[in-house]
1. What nm distance separates the two modelled labels at residue 73 and residue 328, each placed 7 Å from Cα along Cα→Cβ?
2. Take the cross-link list 6/185; 213/295; 185/262; 121/298 and give me the ones stretching past 32 Å between alpha-carbons.
3. Given a Förster radius of 51 Å and the C-beta distance between residue 227 and residue 451 as r, what FRET efficiency does 1/(1 + (r/R0)^6) yield to the nearest 0.05?
4. With each pseudo-label sitting 7 Å past Cα toward Cβ, what's the residue 275-residue 306 distance in nm, one decimal?
5. For residue 381, list the aspartates and glutamates whose Cα falls under 12 Å from its own Cα; do not include residues on the same chain fewer than 8 positions away.
6. For the Cα atoms of the chain, what angle does the longest principal axis make with the long axis of helix 135-147, in degrees from 0 to 90, nearest 10?
7. What is the Cα convex hull volume of the stretch 1-140 when expressed per residue in Å³?
8. Compute the length gained on full extension between residue 102 and residue 526: take 0.36 nm times their separation in residues and subtract their Cα-Cα distance, giving the result in nm to one decimal.
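A short reminder: the numbers here are calculations on the coordinates, not readings from a lab. Quick caveat: nothing in here was measured; it's all calculated off a predicted structure. Here the Cβ positions follow ideal geometry from the backbone for every residue, glycine too, while neighbour counts run over all protein chains shown.
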Amino acid sequence: MSFIIKCLDCGHAAPYFPTSVNCPRCSSQWRQAEYDYDTVAKSLVLQLPSRPFDLWRYRELLPVRSPNPAIRLGEGGTPLIQAINLGMMLGCPNLFIKDERQGPTASFKDRQAAVTIAALKEAGITEMVVASTGNVAISYSAYAARAGIKLWAFVTSLVPAVKMREIALYGSQVIKVTGSYDQAKQVAAEFARQRGLYLDMGARTITSIEAMKTIAFEIAEQVTAALGPVSGNNGKPYPIWRTPDWYIQSISGGMGPLGLAKGFAELQRMNLIDRIPAIAAIQAEGCAPMVQAWKDGKEVATPVTSPRTHIETLATGDPGRTYTLLRKWVNETHGAFESVSDEEAFRAMHVLAKMEGISAEPAAAVAFAGLFKLVRAGVIKPTDVVVVNCTGHTMPAEPFVLGDNWARNVVLPSRVMEETPQEGLLAALNRVAPDRFPNIAIVDDSREARILIRRILQSQGDFKIFEAESGQEALKLIERELPDLIVLDLMMPEMDGFAVLDALRAKPETANIPVIVATAKELTAEEKNRLKGQIQALMQKGDFLSDEFLEEVRSLIK
């Protein structure tokens, strides 16, 4: 098998090695694999009938020299299901669902993990880092476990707990980052850099794009089997396979359709198909930087810094250059970028389940909601052949299976006003010595926050610790125990921290107890003035650091 890695910026060609991520000539990280297409075109179709219908069916067009059968999990070869009832409802009879839920971990990301892990195993790499909104880390965890590769999975704290537990179940180290997905990617990249580990870079990872294109190869074969070859080709040579008119997929970072477009382009280059389908990339309205940029006619997307969607797995705020590359394919194929609301996606989940017996997670339902929108707008015609990607992991791992300590936490510092000196909880509590403050009261309505504060204090010495989960309970506890120090949450229901402070200062026996205040919000100038002279330290909850992962975190954020 012959292939090279060609730079998208300067055109320089070089051999492929997984850890070589920069172009040797211009240092660009945007490169792609190219193959001897003429040779492959002559032999591939002849060999396909004797091969299993899976991802490795197309091995001449993948950047793995000797695929190892021992680490496969049955990736690829997912069915193409005709959506008869849904097609009838929409007046679109040639509607098909590419059911990627039937991959090894129920996600099209299995393709990405299968090819990447195969390449890493071939190269002798034994440890890697990935940032994920859920499904990518699950897929990588399964394949890394199979191949004996250590995986560090950085996920945002908004990723559903069931997905985090699934990642941990495979033996991967879960790092929960309290911040956006884009911040999680930055932390993961710095972690990988400091340790010299292989880092999955999404659309910049050559194996990821190459893996995704196998969806295009399968669709071309499957649509041809369902509808027959192209007829009436206007005097041109008849292609062996046909393609749909539309391919629709929900997107977060956009890597999937970018790889798929490359796959169809390769088939066209080998004269196996005559055209590339129109690509429709669908985003959640609360985080749709690509849709907005495309509708504004911009080549570069403006990042969404604060995603506002409940569909966390699609909350990539900064698509970077992936948008620019995908925009080119969307425009060339006369496709579309579209966004749908969370509510539209949830409704689409119900419709899909009731009409076709297919249960999809919200992220996949975004694609179907986009389909409904494009059909209603007349963009998709009744005669069009349409394929929708249905992917998503929905199988939960129960908490009791894993026990405690299956994840570690990184909470990034919140932005604070420059004129207000604030410090992290760890820094504040590091100066709390047992001989000065042997008895400490923790007041916070969040059980998780109380546990974290308790653990940090216990790492500093042998304290006697009391806890209260409300303002009223705190006052009774403090009056009874008269602790030497109070760690007080400001934002509590019914009686907040300000009211607790006022009550404490009103009584001589509690007026002089030192207080460290915790807050999860940006305080106004008036609120800061209310605290002046009443507390020993003001800290943002965004500065929490777990002592269990303290040394790792220090190296990450220093």
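1. 3.3 nm
2. 121/298
3. 0.30
4. It is 4.5 nm.
5. Partners found: 245.
6. Orientation of helix 135-147: about 80 degrees from the principal axis.
7. 173 Å³
8. 147.0 nm
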